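Novice: Provided herewith is a single structure, encoded as structure tokens, for subsequent inquiry.
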Amino acid sequence: MTTAPTHTPPAETATTKGGPWAALIIAGIFEVGYALSVNGSEGFTDPLWSSIAVAFFLLTLFFLSVALKRIDVGIGYAVWAGIGAIGAALLGPVFFDETLTLVKGFWLAVIIGGVIWLKLADSPALTNEAADSYHRRTHTTGTSQ
């Protein structure tokens, strides 16, 4: 009788953990490029800007799909959309006739804070700490005196 070999997945390293986040940041940068080029395409009537928009769209989807192999879709999508929204809001006034007011700046800061907290919520140390805390609360044994 033979036994099937067991496969032990490799331990997560900084590279395997950081790789999906790097892909997500790259996807976010391409999302900014997509948003800006869609605006420049003037409703896809300018062929050059339209072509650039399609290229950015394909690149952002590719890198997003790579990132979502290892990052939860809810967190990944929120971070990706946040990067796109912040980048487009900050660069819109640079490339187009748009304004960035103090109120818009405040809400962009709220988005940035949310993205940072989402990243922190995905960190192994925080996840392990929450699990340990839950385990201590639910599995404590009292001794009678």
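Throughout, read-outs are computed from the coordinates displayed, never taken from laboratory work. The structure presented is a predicted model; accordingly, all values stated were derived computationally and were not measured. Quick reminder, even Gly has a Cβ in these numbers, built from the backbone with ideal geometry, and neighbours come from all protein chains shown.
Novice: If I go through region 59-82 residue by residue, how many of them are more than 17 Å from residue 122 (Cα to Cα) and surrounded by 18 or more Cβ atoms within 10 Å (Cβ to Cβ)?
Specialist: 2
Novice: Please go through region 72-103 and pick out each residue that is aliphatic (A, V, I, L, M) and touching an Asp or Glu at 6+ places or on another chain (Cβ under 7 Å).
Specialist: Result: 75, 83.
Novice: Pairs please, first residue from region 67-92 and within 15 Å of residue 111 (Cβ to Cβ), second anywhere and surrounded by 20 or more Cβ atoms within 10 Å (Cβ to Cβ) and of a type in the set (Asp, Glu), Cβ atoms under 7 Å, 6+ apart in sequence or on different chains.
Specialist: Note: pairs meeting the criteria are 80/31; 83/31; 84/31.
Novice: Here's a follow-up. I'd like to check something: does region 44-51 contain any residue that is of a type in the set (Gly, Ala, Ser) and surrounded by fewer than 18 Cβ atoms within 10 Å (Cβ to Cβ)?
Specialist: Yes, region 44-51 has at least one match.
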